[in-house]
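Chemist: Following this message is one structure expressed as structure tokens.
The values are calculated or read from the model by the stated rules, or taken from the named source; none is laboratory data. Keep in mind the model is a prediction, meaning the values are calculated, not measured. All Cβ positions, even for glycine, are placed from backbone atoms using ideal geometry, and neighbour counts span all protein chains on display. These area figures cover heavy atoms from the full protein model, side chains too; ligands, DNA and RNA do not enter into them. Shrake-Rupley method; radii C 1.70, N 1.55, O 1.52, S 1.80 Å.
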Amino acid sequence: MSIVVRNRGRIVAGILAVWLLLWLVLRGTHTLALGGAQLTTVHRWFNDLNDAIGAGRDSNPLFLYFFNHIRVGIDEFVVVIQSVIAQPSFDRPVPLIGWFGVVALVGFGSWAVANIRVALLAAAGFFFLGLQGLWRESMDTLALTLAAVIISLAIGIPLGVWAGMSDRFNRLITPVLDFMQIMPSFVYLAPLTLFFLIGPASATIATLIYAAPPVIRLTAHGIRSAPHDTVEASESLGSTRTQTLTKVLLPAAKRTIVLGVNQTIMAALAMVTIAALIDAPGLGKTVVKALQTLDVGTAFNAGLAIVVMAIVLDRVTTAAAGRGRRNRPHRIILWLAALPTAFAVWLSYTYVWAAEFDSNLDIGSKIAVWAGDVTTWVQSNLAPVTGGIKDVFTLVLIDPLQSVLADSPWWLVAAAIVAISLVVGSARAAIVSSVCLALIVFSGLWSDSMTTLASTIVATAFTMVIGIVVGVWMGRSKRADRVIRPVLDAGQTMPVFVYLVPFLALFAASRFTAIAAAVVYAVPVATKIVADGIRGVSATTVEASVASGASTWQTITKVQLPMSARAVALATNQGLIYVLCMVVVGGLVGAGALGYDVVAGFSQGQLYGKGLAAGIAIVLLGVMLDRLTQAAANRMHRGGRR
């Protein structure tokens with residue numbers, strides 16, 4: 001065992017060398033390749049299952065008394081919110097509250113929970129959504145987001161409180177939350193449509209699954225971080241458990257819980273746009289249609305609206321989390337400000353001009369035309385540059401790696417990955433990899449899975465190169481950190497679809513487009529983790545290195561990076577998960593493989609089973625990569641403590 005520990009890098013190099021040697025001899029055999037329209041027995045079984053469930057939806061007791069009630073209840077909840085702000089309702093040609101009332105309510109609410117600057121930003125942002133000609137789509141997105149967030153908070157905060165007060169429940173729910181968060185958001189959709197049909201109910205439940213973990217985790221963290229002295233003082237004064245919770249723990253955790261609400265809202269907005277693939281209404285549907293027709297101008301306009309909404313929601317909730325009790329406006333001033341807000345709502349209910357946004361003010365079509373013109377100019381004049389970059393990366397990196405993974409015999413790839421998992425991670429990681437790879441073979445999508453894995457590895461490698469370079473810079477320079485970190489924070493609030501649009505304009509539909517978007521999507525989280533790891537290295541150790549005559553390069557490579565190896569491993573883990581999510585979504589812009597299989601499964605009934613199997617294969621890839629990198633990070637941590 002000690003030999004393995006000392007020569008881990010050489011053993012991995014040896015495994016790769018044997019793999020390449022056998023690939024040269026055996027390439028093209030036992031690849032388990034499957035044509036685009038071909039189905040396996042598993043795919044047909046999923047199709048039959050879907051048909052059977054559809055036939056029994058109105059007679060099976062499980063659906064009659066459980067799933068159908070959930071679907072109808074959530075559908076009705078979404079419709080109620082839509083009827084208030086988005087869709088015509090109650091025999092009216094417009095919603096109950098028109099654009100003027102919504103803008104006034106958003107401004108007033110933002111001022112009440114945050115401050116006047118954020119209120120002005122929020123009101124201006126929502127007014128801009130109307131100028132873009134996307135008011136109804138924006139309100140549909142907001143309605144679906146609100147529905148999912150309300151349900152997420154109603155379930156998530158009590159669970160978070162329970163996890164904060166019970167060690168046993170916290171240990172029980174933590175793996176479940178890990179599983180919910182490592183899954184690419186894409187894969188929630190297909191299984192849910194099996195039970196809740198395509199539509200708002202499945203979209204809301206998928207959003208709930210994706211958005212609930214942050215508020216559960218942060219609520220539990222806030223409860224557990226409450227000062228022990230204060231809790232003990234409360235208990236010594238005879239407070240009951242409920243009194244301690246409501247009078248001490250929850251007020252102490254309030255700021256952390258609000259931060260969890262912020263994360264839940266941003267996750268919900270990101271998922272709601274993706275849920276357009278299963279017919280969720282709103283801006284996501286506009287983006288998906290535009291991406292499928294390669295209409296970059298329309299996609300840019302709708303993507304800009306998503307960005308504006310994300311910025312507004314993020315700024316409001318972030319400011320609310322950071323505001324102290326002293327900065328609250330006086331209650332009388334709040335009531336006075338509520339009067340003109342109520343008047344604006346009444347105007348929007350009564351008059352058409354305040355209910356429907358004036359189409360003459362539409363600048364969205366101009367934005368779309370401008371973006372389309374810029375795209376055409378870029379693709380016409382910069383094609384030698386962008387095409388050259390794309391071709392070089394495709395020929396030098398993507399194609400060779402994809403060939404090694406997809407053209408090798410499946411058993412050779414599986415044996416190499418399991419061996420690497422054992423050497424780099426642990427025996428448990430090797431067992432997880434074995435099970436996941438066996439199930440991928442069973443799914444009938446081995447070749448597509450290897451193609452997706454190749455894109456994921458290439459994108460993760462570039463993510464880590466950028467993340468380490470920029471992260472080291474931020475970790476060593478407070479000025480760089482102050483400048484770059486807000487940009488990274490903003491990047492993390494953007495839904496995944498938004499990243500595809502500019503790269504589609506630059507590089508057209510291709511695998512490289514999806515990989516480039518994945519790198520940009522994953523760089524912020526990886527960079528921040530590396531920067532925090534570098535900053536966590538003892539200043540005394542760094543000073544000792546400098547005092548002994550080490551150069552800056554030597555200090556970084558011999559001291560700071562080795563001592564922050566666990567942070568780098570964690571950054572790799574998070575980078576992999578983010579990259580996998582975006583690479584899969586890249587199936588919409590020519591990335592093919594598993595992402596395309598999922599999209600085709602939504603749009604073509606005969607490919608539903610194959611799409612569902614592709615979703616399961618994505619889950620298996622995510623679990624395998626997560627367990628492997630987690631095991632490597634834990635090993636480095638144990639090694640660092642010795």
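Chemist: Label ALA124 and VAL435 with points 7 Å out from Cα along Cα→Cβ: what is the distance between them in nm?
Modeler: If labels sit at ALA124 and VAL435, their model points lie 5.3 nm apart.
Chemist: Which order do the peptides 35-42, 75-82 take when ranked by the mean count of other beta-carbon atoms within 10 Å per residue, highest first?
Modeler: Result, highest mean Cβ count within 10 Å first: 75-82, 35-42.
Chemist: Run lengths n ≥ 4 of DSSP H only: what is the helix-derived mean residue ellipticity at 222 nm for the chain, with -39500 (n - 2.57) per run over all residues, to the nearest 500?
Modeler: Rounded to the nearest 500, the figure is -25500 deg cm²/dmol.
Chemist: Another question about this same structure. Probe radius 1.4 Å, ligands and nucleic acids ignored: give me the carbon and sulfur share of the accessible area of the range 349-394 as a rounded percent.
Modeler: In the range 349-394, the share of accessible area belonging to carbon and sulfur is 65 percent.
Chemist: In whole Hz, what ³J(HN,Hα) sequence does the range 70-77 give by Karplus (6.51, -1.76, 1.60; θ = phi - 60°), x for Gly and Pro?
Modeler: Once rounded to whole Hz, the list reads 5, 4, 5, x, 5, 4, 5, 4.
Chemist: Once the principal axes of the Cα atoms of the chain are found, what is the range along each, listed largest first in whole angstroms?
Modeler: 77, 63, 60
Chemist: Alpha carbon centre of the range 156-170 versus the range 439-482: separation in Å?
Modeler: First find each Cα centre; the distance between them is then 33 Å.
Chemist: Turning to a different aspect of this structure: Averaged per residue, what accessible surface does the chain expose to a 1.4 Å probe, in Å²?
Modeler: So the chain comes to 46 Å² accessible per residue, rounded to a whole number.
Chemist: Listed here are the pairs LYS289/LYS528; LYS254/LYS285; LYS254/LYS528; LYS528/LYS558; LYS285/LYS610; which of them are more than 27 Å apart at the Cα?
Modeler: Among LYS289/LYS528; LYS254/LYS285; LYS254/LYS528; LYS528/LYS558; LYS285/LYS610, the Cα-Cα distance tops 27 Å for LYS289/LYS528; LYS254/LYS285.
Chemist: For the range 314-459, with only Lys/Arg (+1) and Asp/Glu (-1) charged at the beta-carbon, what is the dipole magnitude about the Cα centre, in debye rounded to 20?
Modeler: Roughly 1160 debye, rounded to the nearest 20.
Chemist: Quick one: Karplus J couplings for the range 517-530, per residue in order, coefficients 6.51, -1.76, 1.60, θ = phi - 60°, nearest Hz, x for Gly and Pro?
Modeler: 5, 5, 4, 5, 5, 8, 4, x, 5, 5, 4, 5, 5, 5
Chemist: Hey, what do the phi angles of the range 50-67 turn into as Karplus ³J(HN,Hα) couplings, whole Hz, using 6.51/-1.76/1.60 and θ = phi - 60°, x for Gly and Pro?
Modeler: Residue by residue, the range 50-67 yields 4, 5, 5, 5, x, 5, x, 4, 9, 10, 5, x, 4, 7, 4, 10, 9, 4 Hz.
Chemist: Quick one: pull the percent of accessible area on the range 399-479 belonging to carbon and sulfur, 1.4 Å probe, ligands and nucleic acids left out.
Modeler: Whole-percent figure for carbon plus sulfur exposure: 75.
Chemist: Sticking with this structure for a sec: Hey, got the dipole for the range 67-147? About the Cα centre, +1 on K and R Cβ, -1 on D and E Cβ, debye to the nearest 20?
Modeler: With Lys and Arg at +1 and Asp and Glu at -1, about 220 debye.
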